[in-house]
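The values are calculated or read from the model by the stated rules, or taken from the named source; none is laboratory data. Every value quoted in this text rests on a predicted model; they were computed, and no experiment measured them. FYI the Cβ positions are ideal-geometry reconstructions off the backbone, even for glycines, and counts take in every protein chain you see. With ligands, DNA and RNA removed, areas are computed over all heavy atoms of the protein, side chains included. Shrake-Rupley method; radii C 1.70, N 1.55, O 1.52, S 1.80 Å.
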Amino acid sequence: MNRTDKNPSGGSGRAVEVRGLVKHYGETRALDGVDLDVREGTVLGVLGPNGAGKTTLVRCLSTLVVPDSGTAVVAGYDVVRRPRALRRVIGLTGQYASVDEKLSGRENLYMIGRLLDLPRKDARRRTGELLERFSLTDAAKRPVMQYSGGMRRRLDLAASMIGEPAVLYLDEPTTGLDPRTRNEVWDEVQRMVTEGTTVLLTTQYMEEAERLAHELTVVDRGKVIANGRVDELKARVGGRTLRIRPSDPAQLPAMAKALAESGLGGIDGATAVPDEGGLNVPVLADGQLTAVIGLMASHGFGIAHIDTHLPSLDEVFLAVTGEKASLYRQVPEEAAA
């Protein structure tokens, strides 16, 4: 069964619904009451320091681990009550490649397609498509034991996608891949989402999260500590900075003085950036942005360039996790599981 066989959201518009999910490993509370929603046909990026609970969350939602309490419904199936049915409509790429080393790349993909009940013709077609998309066609007939680490990773990613799942879990999928292959993975994920697949992505690459995710959830010590669209999180953390570069660099001191005297530059005022020949002005509201531009015009300053800048996703991550990002427990989730 693939994503075309049923409505993944069960009519709710959400492909994944998690409420109060808890999972213990001895004294460690890997998940501590997680609530989560993933809209159908979107990518949810899950960020967090090592040991935050990301992999445990993926394992619970993919039926590999049974949660201690709470509920999770994926593609209309309860993960505890209907695990076998759920496994037929999901795909999973874990942090480590899991393929049969004695089989060739082509045989691995074809076998998984047939196990997912794809007709022989469709299994062959999807195998060929994915071998091509992940640049494995030339190595398709070689046993996987002869593949490099990166090739195995690409084959594992292809295997998770061959059944065209309704919901796809990608747990740090591009770790260790070269930039070209990473872009190939991103392109394939975006194609699948366009065709209706829902993706839950855990990643340590901020560029990957910004490129793929429609919304983000930040997890810290088993709890959700922030969520929202990328632009919402950026605005919540640091607001905007208005960057102004005068036509005449000699006017820079006068511009800075005018802003400082007006009070429009915020608490810290305007910060001159000599190497770029401009000013950075903290902007707390749209009205302030308009007022700053108006002030420049009223003083007759010529402006060569003006734009606004939001905090980077790295800055957002560090701001919401704080010092905890470097003070994390040393036991990896894989060992705890």
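Mind checking whether some residue in segment 137-160 is crowded, with 24+ Cβ neighbours inside 10 Å and assigned to a loop (DSSP other than H, G, I, E, B)? No, segment 137-160 has no match at all.
Of all the numbered requirements in (1) of a type in the set (D, E); (2) touching a helix residue (DSSP H, G or I) at 6+ places or on another chain (Cβ under 6 Å); (3) within 30 Å of E315 (Cβ to Cβ), D32 misses one, and that requirement is (2). When the criteria are applied in full, T181 fails the requirement of being open to solvent by 60 Å² or more (accessible area, probe 1.4 Å), of a type in the set (S, T, Y) and either at pLDDT below 90 or under 18 Å from the mean Cα position of the chain (by Cα) (or both).
Within segment 111-127, the set of residues being part of a helix (DSSP H, G or I) and touching a residue at least 12 places away in the same chain (Cβ under 8 Å) comprises I112, G113, A123, R124, R126, T127.
N227 satisfies every condition listed in (1) polar (S, T, N, Q); (2) over 18 Å from the mean Cα position of the chain (by Cα); (3) open to solvent by 70 Å² or more (accessible area, probe 1.4 Å) except (2). Here segment 195-229 is the region considered, the condition is being in a strand (DSSP E or B) and among the charged types (D, E, K, R), and the residue that is farthest from P49 (Cα to Cα) is E215. Here segment 84-110 is the region considered, the condition is being in contact with a strand residue (DSSP E or B) (Cβ under 7 Å, 6 or more places away or on another chain), modelled with pLDDT of 90 or more and over 22 Å from E129 (Cβ atoms), and the residue that is surrounded by the fewest Cβ atoms within 10 Å (Cβ to Cβ) is K102.
Only one entry in T28, T42, T71 is out of contact with any Gly (no Cβ under 9 Å at 6 or more places or on another chain) and open to solvent by 10 Å² or more (accessible area, probe 1.4 Å), namely T42. Considered as a group, the residues in segment 184-215 that are open to solvent by 10 Å² or more (accessible area, probe 1.4 Å) and hydrophobic (A, V, I, L, M, F, W, C) include one that is nearest to V89 (Cα to Cα), and that residue is V193. Among residues that are within 15 Å of G48 (Cβ to Cβ), surrounded by 18 or more Cβ atoms within 10 Å (Cβ to Cβ) and of a type in the set (D, E, K, R), R240 is not included.
If I go through segment 81-110 residue by residue, how many of them are of a type in the set (K, R), within 16 Å of G163 (Cβ to Cβ) and part of a loop (DSSP other than H, G, I, E, B)? Of the residues in that region, 1 qualify.
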